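Okay, so here's the structure we're looking at.
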Amino acid sequence: MRYGALLILLSGLVALLFCASLLIGPAALGFGESVQALLSGKGEAAVLVMREIRLPRALLGVMLGASLGLSGAAMQGYLRNPLAEPGLIGVSSSAALGAVLALQTGLAAAFALALPLMALAGAVISVLLLLMLAGPRGSSLTLILAGIAVSAFAGALTSLVLNLSPNPYAAAEIVFWMLGSLSDRSFTHVWLALPFMAAGAALLATLARGLDALTLGEDAAQALGISLSRLRLVLVAGVAASIGAGVAVAGAVGFIGLVVPHLLRPLVGARPGRLLAASALGGAAMLLAADIAVRLITPDRDLKLGVLTALVGAPLFLHLIYKTRREGL
Amino acid sequence: MTDLLTLSDLTVRRGDCPVVDHVSLTVRGGEFVGLIGPNGAGKTTLMRGALGLLPATGHSSLAALPARDRARAAAWLPQMREIAWPVDVETVVALGRTPHIGARGLSDADRAEVDKALHWLDLDAFRHRTATQLSGGEQARVLIARTLAQGAPLVLADEPIAGLDPAHQIATMQVFRDLADQGRAVIASLHDLGLAARLCTRLVLLGQGRVVAEGAPRDVLTEANLREVFHLRAHYADTPDGPVFQPLEVIR
């Protein structure tokens, strides 16, 4: 399939799922009523539902999915490994730790933005720590090792907080938050995440040529005029901004960043540069679909988005591994 | 002919130990320089140091250039043959154009260079095959084509003919020689001294990081040099078919 056609197809899919996401929800609104409320602002309750609940949710779905897909494709391209995922550099677990601390200390209850802001602070601290550990130059291996160390430490601290939590309700709240969800989000969340995600995407989009060159290995890429230290810095900053903001507004949603690039790779001729845009669109589509499914499967119980993506993602990934093995690659 | 690479007192250390020790070398257009020496003599390190891929002291005219200019001045074929993703052969070879392409992607001139490189390495039939599904030797030729597509006046290649069948070894060496005859230059580390003697215009013999000898093949592959550096006894003869070199036995 031609690359341009693929991007148009994926964009169409995202647009379709975005509309579907706007039309599905517990408030029983008719199709015409929904559209009219969204566009013209007529009908009090419907306007509120459409503009304050469903629209931010759908927008966050697109933003979060695109960030996850794009970051996943960039990480896999940089590490030249189809098993890499955005969480590998420790940003998501550190952002989660920040959010957990906000919940535990009661800051999140006192001040609505405390949770996402603490999560972002966690992401920033983890990136500084990561760059300090991995050093200014050096191979991708040092970056993975530093990422695993940061990730493990943040995970341990999160467990410690849960462990020492005196209040079982707070512990339950933390656990549920960590499962990842887009329900009950508002435009505040959209405006908070948007600048970070946009900056992250802008950074990652510049990496296409460098990631293509890395197909030949680090030495060859460097001799082709690619600055590896700059590429790594841009990659870490871009992934951290995208993923940190994602965790801040939605909790941990896994598997999208791992599965989407893997799924789309054969359709872009395996070129890591082209995979970036395709994965961003594919991630948005998959996340919107998952968020719609969450609302359709259990309308009255709050099934968490992160649970669903893992439930669907893991078998899908196993199938892909099986297929890869059969092809003898 | 112009100087394409000048090294003066280039030294690369690993810890305290100098792996490349005060090497000075000038390579001009029209030369096919064979870099020979036993394992661990510093051939790879010398080339990587010259390219600025390793921190080095002394001077290298290439390492002094900004990254993009250097990529246009010299192409590098690493020993490690890596093709990380199942992309097609044409895509791999087109990566050689990375230092030349602007925001619009490959131009017609870029595509012409890619076609020429594919043809040189006898890869026309492989153009749309998936590179990772080819045999090791075929992948090696794809990567050599990628290096040539870069269009740089100087090519540095680390054991370019290792793992190729005999016909493709000779053909590849001949491609390098043709490049030199066209006024470009090639520096290649080689273990096949017979082919080096036949096709290189100059040999540089490295031993323990130092240049032990350099010059025309017959002046470098002397009995004394072979004994001291390679611990080998060999047969060397100038025949109507050109120089013939055959290692005979190991001297302990």
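Just to be sure I understand, how many residues within the range A:291-329 are under 25 Å from A:G246 (Cβ atoms), small (G, A, S) and without any contact (Cβ under 8 Å) to a residue 24 or more places away in the chain?
Qualifying residue count, the range A:291-329: 1.
This table checks each residue for (1) crowded, with 17+ Cβ neighbours inside 10 Å; (2) within 21 Å of A:R271 (Cα to Cα); (3) away from chain A (no Cβ under 12 Å).
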position	(1), (2), (3)
B:N39	no, no, yes
B:L54	yes, no, no
B:T57	no, no, yes
B:M80	no, yes, no
B:R97	yes, yes, no
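Filter the helices (runs of 4 or more DSSP H) completely within the range A:8-92 down to those with at least 3 residues that are small (G, A, S) and more than 23 Å from the chain's Cα centre (by Cα).
On the way: elements: A:31-40, A:44-48, A:55-79.
Qualifying helices (runs of 4 or more DSSP H): A:31-40.
From B:V204, B:V212, B:V186, which residue is touching a helix residue (DSSP H, G or I) at 6+ places or on another chain (Cβ under 9 Å) and farther than 30 Å from B:Q150 by Cα? Walk me through how you get there before you give the answer.
Details: B:V204 fails: farther than 30 Å from B:Q150 by Cα; B:V186 fails: farther than 30 Å from B:Q150 by Cα.
One residue alone meets the criteria, B:V212.
Do we have B:D115 as closer than 27 Å to A:A270 by Cα and either among the aromatic types (F, W, Y) or touching a His at 6+ places or on another chain (Cβ under 8 Å) (or both) here? I'd like the intermediate steps shown before the answer.
Numbers: closer than 27 Å to A:A270 by Cα: yes; either among the aromatic types (F, W, Y) or touching a His at 6+ places or on another chain (Cβ under 8 Å) (or both): no.
Considered against the rule, which asks whether it is closer than 27 Å to A:A270 by Cα and either among the aromatic types (F, W, Y) or touching a His at 6+ places or on another chain (Cβ under 8 Å) (or both), B:D115 comes out as no.
Inside the range B:121-149, can you point out the residues that are part of a helix (DSSP H, G or I), surrounded by fewer than 20 Cβ atoms within 10 Å (Cβ to Cβ) and of a type in the set (A, V, I, L, M, F, W, C)?
B:A125
Results for (1) in contact (Cβ under 8 Å) with a residue 40 or more places away in the chain; (2) surrounded by fewer than 18 Cβ atoms within 10 Å (Cβ to Cβ); (3) within 14 Å of chain B (Cβ to nearest Cβ), shown as yes or no for each residue.
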position	(1), (2), (3)
A:A149	yes, yes, no
A:E173	yes, yes, no
A:G180	yes, no, no
A:F187	yes, yes, no
A:F196	yes, no, no
A:A201	yes, no, no
A:T206	no, yes, yes
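How many residues does the range A:226-238 hold that are touching a residue at least 60 places away in the same chain (Cβ under 8 Å), within 14 Å of chain B (Cβ to nearest Cβ) and β-branched (V, I, T)? Steps first, please.
Of the range A:226-238, the ones touching a residue at least 60 places away in the same chain (Cβ under 8 Å) are A:228-229, A:231-233, A:235-238.
This time we only want the ones that are within 14 Å of chain B (Cβ to nearest Cβ), so: A:228-229, A:231.
Checking the rest, the ones that are also β-branched (V, I, T) come to none.
Qualifying residue count for the region: 0.
Answer yes or no as to whether B:A188 is in a strand (DSSP E or B) and at pLDDT 95 or above.
Details: in a strand (DSSP E or B): yes; at pLDDT 95 or above: yes.
Yes.
Go through (1) at the interface with another protein chain (Cβ under 10 Å from one of its Cβ atoms); (2) closer than 29 Å to A:P261 by Cα; (3) not in a loop (DSSP other than H, G, I, E, B) one by one and return the number of the condition B:V93 breaks.
Only one criterion is unmet by B:V93, namely (1).
Which one of these does B:V204 not meet: (1) of a type outside the set (K, R); (2) at pLDDT below 95; (3) surrounded by 14 or more Cβ atoms within 10 Å (Cβ to Cβ)?
Single failed check for B:V204: (2).
Would you confirm whether any residue within the range B:75-92 is farther than 24 Å from B:T45 by Cβ and under 16 Å from the mean Cα position of the chain (by Cα)?
no
Of all residues in the range A:208-225, which are of a type in the set (G, A, S) and more than 7 Å from chain B (Cβ to nearest Cβ)? Can you show your working first?
Residues of the range A:208-225 of a type in the set (G, A, S): A:208, A:210, A:213, A:217, A:220-221, A:223, A:225.
Within the range A:208-225, A:A208, A:G210, A:A221 meet the criteria.
Restricting to the range B:62-77, and then to whatever is crowded, with 19+ Cβ neighbours inside 10 Å and touching a strand residue (DSSP E or B) at 6+ places or on another chain (Cβ under 9 Å), can you tell me which residue is farthest from the other protein chains (Cβ to nearest Cβ)? So that I can check it myself, show each step before the final result.
Let us first name the residues in the range B:62-77 that are crowded, with 19+ Cβ neighbours inside 10 Å, namely B:62-63, B:70-71, B:74-77.
Right, trim to touching a strand residue (DSSP E or B) at 6+ places or on another chain (Cβ under 9 Å) and you get B:62-63, B:74-77.
Working: B:L62: 10, B:A63: 11, B:A74: 7, B:A75: 7, B:W76: 4, B:L77: 8 Å.
Step by step, filter the range B:62-77, then rank; the result is B:A63.
Considering only the range A:213-221, I want to know if a residue exists there that is assigned to a helix (DSSP H, G or I), surrounded by fewer than 24 Cβ atoms within 10 Å (Cβ to Cβ) and touching a strand residue (DSSP E or B) at 6+ places or on another chain (Cβ under 8 Å).
yes
Identify the single condition in (1) under 23 Å from A:V249 (Cα atoms); (2) assigned to a loop (DSSP other than H, G, I, E, B) that A:P166 does not satisfy, given that it satisfies every other one.
(1)
Looking at the range B:127-136, which of the residues that are at pLDDT 90 or above and under 23 Å from the mean Cα position of the chain (by Cα) is nearest to the other protein chains (Cβ to nearest Cβ)? Talk me through it step by step, then tell me what you get.
Taking the range B:127-136 first, the residues at pLDDT 90 or above are B:127-135.
Narrowing the set further to residues that are under 23 Å from the mean Cα position of the chain (by Cα) leaves B:131-132, B:134-135.
On the way: B:A131: 9, B:T132: 7, B:L134: 13, B:S135: 14 Å.
My answer is B:T132.
I need every pair where a residue in the range A:19-47 that is farther than 22 Å from A:T298 by Cβ has its Cβ under 9 Å from the Cβ of a residue that is of a type in the set (G, A, S) and assigned to a loop (DSSP other than H, G, I, E, B), sequence separation at least 6 or different chains.
A:E33/A:G43; A:Q36/A:G43; A:A37/A:G43; A:A45/A:A27; A:A46/A:A27; A:V47/A:G41
Given the options A:L203, A:L145, A:L160, name the one that is modelled with pLDDT of 95 or more and either among the hydroxyl-bearing types (S, T, Y) or not in a loop (DSSP other than H, G, I, E, B) (or both).
Working: A:L145 fails: modelled with pLDDT of 95 or more; A:L160 fails: modelled with pLDDT of 95 or more.
The unique qualifying residue is A:L203.
Can you name the residue in the range B:22-37 that is more than 24 Å from B:R227 (Cβ to Cβ) and part of a loop (DSSP other than H, G, I, E, B) and, of all such residues, is farthest from the other protein chains (Cβ to nearest Cβ)?
B:G30
Kindly check whether there is at least one residue in the range A:239-261 that is within 22 Å of the chain's Cα centre (by Cα), within 14 Å of another protein chain (Cβ to nearest Cβ), assigned to a helix (DSSP H, G or I) and within 18 Å of A:A277 (Cβ to Cβ).
First, the residues of the range A:239-261 that are within 22 Å of the chain's Cα centre (by Cα): A:239-261.
Imposing the further condition that a residue be within 14 Å of another protein chain (Cβ to nearest Cβ) reduces the set to A:261.
This time we only want the ones that are assigned to a helix (DSSP H, G or I), so: A:261.
Imposing the further condition that a residue be within 18 Å of A:A277 (Cβ to Cβ) reduces the set to A:261.
Looking through the range A:239-261, at least one residue is within 22 Å of the chain's Cα centre (by Cα), within 14 Å of another protein chain (Cβ to nearest Cβ), assigned to a helix (DSSP H, G or I) and within 18 Å of A:A277 (Cβ to Cβ).
The values are calculated or read from the model by the stated rules, or taken from the named source; none is laboratory data. All of these numbers come straight from a predicted model, not from anything done at the bench. Using ideal geometry, Cβ is built from the backbone for each residue, glycine included, and neighbour counts are taken over all protein chains shown.
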